[in-house]
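Participant: Here you go, one structure.
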Amino acid sequence: MTSHSSTPLALIVLAAGQGTRMNSDLPKVLHRLAGVELVLHALRAGAVLDPALRVVVAGHGAEAVSAVVQAEDPDIAIAIQPERRGTADAVARCADALEGFAGDVLVLYGDTPFVRPETLEAMRAARSQHDIVLLGFRAADPGRYGRLVLRDGRLERIVEFKDATEAERAIDLCNSGVLIADAPTLLRLISRVGCDNAAGEFYLTDVIGLARRDGLSAGAVFCEEAETLGINSRAELAAAEAAFQARRRAEAAEDGVTLVGPETVFFAQDTHIGRDAVVGPHVVFGPGVTVETGAEILAFCHLEGCHVSRGARVGPFARLRPGTELAEDTRVGNFVEIKNAILDEGAKVNHLSYIGDAHVGEAANIGAGTVTCNYDGVSKHRTEIGARAFIGSDTMLVAPVRVGAEAMTGSGSVISQDVPDGALALARAPQVNRAGLARRLMERLRAARAKRGR
Ligand code: UD1
Ligand code: MG
């Protein structure tokens, strides 16, 4: 038979369910796991098969789901399922989006975030043996999962828990819901699915039995139960988060990252940390963080949407917000917040500063308490600081403003005009010393207190 690695693939993610058990105004698939909405976990997992077409089926909270999906990639199509009539009906809603598409379709669930790329690869490979390939697993407690009914070792049909006999309920081979089949075949089979069952729903799982009756072959690839974990409640979400974090901490250690207190470090779905990086206790990685080889993140830092180059040192107690780029050997110290700013090689912001919408040149030194005043209440403005500039402590840089290379600002300055290269800018009230005035003032204050009697 032919290899299926070259067959074009369409990815469908089912995400129309309400998720009643979440007890939430937010659609279930928009709850976050590892910093990323559940629906995006499924989309990103499916990306390994390089889909030519992606469709998310939305229903409950479709507008909000659509906004998150389109922000991930505007090319992803949204199919609306107006009424929750079952998983087969949900897939049928993709018919328009699949119009003229001749390849395979992979169906994933929006509430099932842990399917591994290797498993999806194995399913695609198995397509060379079967017309429909399903992902199954052996459940420790099969609960309410659909059961795989085999005959002579071959997959015959799936029976939903609600419709199963006692004997069928005793089967511990279960359906994960993930399946892959040729698009026209799948849509043709789905058009024949009825709703004469215990739930009164159109079950996608019925396509297996229909396919077998047509003489098509169906097969199952099996995975670990943990991979097919579906999220239905806040408790399950929390358990899934804990499972994700435990796995990522172990992976980081295997990748040669030192985690000083592994159980206090939290990763996002897409965190990348290079070998020999050191991460101190109580560090939280939001989405979109890359930390290169040998960088050090000290205790109590919060990072998101940023890039930390090799040899950089961050924290303790630093916050790096989206758009932060730290070049090699930079230093960001305690109580420093950086947003949408680039620090060139060797630049230092060591204490109590806010650097936003800025570019800090190579080896520049930003003194304690410096603030880029980037926001005028309406718009954001940029601050440019030249290479080897020295910004005195407690400088307010009122953007838009530029401080030249090798320029200095005096401590406490409010800089609202550009500073030329090499210049020293002083923008503070000149100091006046009044001889003996301190002592005389003290005497007067003490005398006044004595007169009051306390
Ligand atoms: C489904 C399978 C079951 C399997 C289980 C694994 C069917 C009929 N049953 O059951 O065999 O063991 O998943 O978790 O498929 N959805 C829609 N529109 C709908 C119905 C569902 O988009 O009309 C979406 C849901 O949002 C969810 C997914 O499809 O992401 C699965 O639906 P769910 O109701 O959880 O199916 P189960 O009853 O768990
Ligand atoms: Mg379910």
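Quick note: the coordinates plus some simple rules give every number you see, no bench work behind them. For clarity, every value in this text was computed on a predicted model and none was experimentally measured. Ideal geometry is used to build each Cβ from the backbone, glycine not excepted, and the neighbour counts take in all protein chains shown.
Participant: Relative contact order for region 9-228: what is it in percent, counting Cα pairs under 8 Å that are at least 6 residues apart?
Facilitator: 24 percent
Participant: With a ≥ b ≥ c the root eigenvalues of the C-alpha gyration tensor of region 9-228, is it rounded (a/c under 1.5), prolate (a/b larger than b/c) or oblate?
Facilitator: rounded
Participant: I've got another one for you. Got the relative contact order for the chain handy, in percent, Cα pairs under 8 Å and 6 or more residues apart?
Facilitator: About 9 percent, as a whole number.
Participant: Next question, about the same structure. Could you tell me what fraction of 2.2 N^0.38 Å the Cα radius of gyration of the chain comes to, as a two-decimal ratio?
Facilitator: Rg over 2.2 N^0.38 Å, computed on Cα atoms: 1.34.
Participant: In whole Å, how far is the Cα centre of region 114-136 from that of region 308-335?
Facilitator: A separation of 42 Å, based on Cα centres.
Participant: Indicate, rounded to the nearest 5 percent, the antiparallel portion of the DSSP beta bridges found entirely in region 234-318.
Facilitator: That works out to approximately 0 percent antiparallel.
Participant: Separate question: Within 10 Å, count the other beta carbons around each residue, average over each peptide in 379-386, 71-78, 345-352, and list them highest first.
Facilitator: Order by mean packing, descending: 345-352, 379-386, 71-78.
Participant: For a test of the definition: using alpha carbon positions, the gyration tensor, and the 1.5 limit on a/c, classify region 97-169 as rounded, prolate or oblate.
Facilitator: Verdict is prolate for region 97-169.
Participant: Ok, one more. Suppose we keep just the DSSP beta bridges with both residues in region 9-228; what percent of those would be antiparallel, to 5?
Facilitator: Of all bridge pairs located within region 9-228, approximately 45 percent are antiparallel.
Participant: With point charges of +1 on the Cβ of Lys and Arg and -1 on the Cβ of Asp and Glu, referenced to the Cα centre of region 137-258, which listed residue (G177, A250, C223) lies farthest in the positive direction of the dipole?
Facilitator: In region 137-258, that residue is G177.
Participant: Taking +1 at the Cβ of each Lys and Arg and -1 at the Cβ of each Asp and Glu, which of L187, I158, A327 sits farthest along the dipole of the chain towards its positive end, judged by Cα position relative to the Cα centre?
Facilitator: Of the listed residues, the answer is A327.
Participant: Answer with one residue from V378, I355, A368: the one whose Cα lies farthest towards the positive end of the charge dipole of region 339-382, charges on Cβ with Lys, Arg +1 and Asp, Glu -1.
Facilitator: Result: V378.
Participant: Please give the helix 234-254 orientation as an angle from the longest Cα principal axis of the chain, in degrees from 0 to 90, rounded to the nearest 10.
Facilitator: For helix 234-254, the angle is close to 70 degrees.
Participant: Continuing with this model, one more query. Note down the magnitude of the dipole of region 241-425 about its Cα centre, charges +1 on Lys and Arg C-beta and -1 on Asp and Glu C-beta and zero elsewhere, to the nearest 20 debye.
Facilitator: Result for region 241-425 is approximately 320 debye, rounded to the nearest 20.
Participant: Using +1 on the beta carbon of Lys and Arg, -1 on that of Asp and Glu, and nothing else charged, what's the dipole of region 256-359 about the Cα centre, debye to 20?
Facilitator: Once rounded to the nearest 20, the dipole reads 220 debye.
Participant: List the lysines whose alpha-carbon lies under 19 Å from that of K380, not counting same-chain residues fewer than 8 positions away?
Facilitator: Reachable lysines: K339.
Participant: What percent antiparallel are the DSSP beta bridges of the chain, to the nearest 5?
Facilitator: 20 percent
Participant: What trypsin sites (Lys or Arg not before Pro) does region 199-303 have in DSSP loop regions with at most 13 other beta carbons within 10 Å?
Facilitator: Hits after loop and neighbour filter: R275.
Participant: Just report the Cα centroid separation between region 368-383 and region 143-198, whole Å.
Facilitator: Result: 59 Å between the Cα centres.
Participant: About the Cα centre of the chain, how large is the charge dipole given +1 on each Lys and Arg Cβ and -1 on each Asp and Glu Cβ? Please answer in debye to the nearest 20.
Facilitator: Roughly 2800 debye for the chain.
Participant: A further question follows. Relative contact order for region 244-354: what is it in percent, counting Cα pairs under 8 Å that are at least 6 residues apart?
Facilitator: After rounding, I find 16 percent.
Participant: For the Cα atoms of the chain, what angle does the longest principal axis make with the long axis of helix 437-452, in degrees from 0 to 90, nearest 10?
Facilitator: Taking Cα atoms only, the helix is inclined about 80 degrees.
Participant: While we're looking at this one, here's another question. In region 90-164, what trypsin sites (Lys or Arg not before Pro) fall in a loop by DSSP, with at most 13 other Cβ atoms inside 10 Å?
Facilitator: Filter output for region 90-164: R144.
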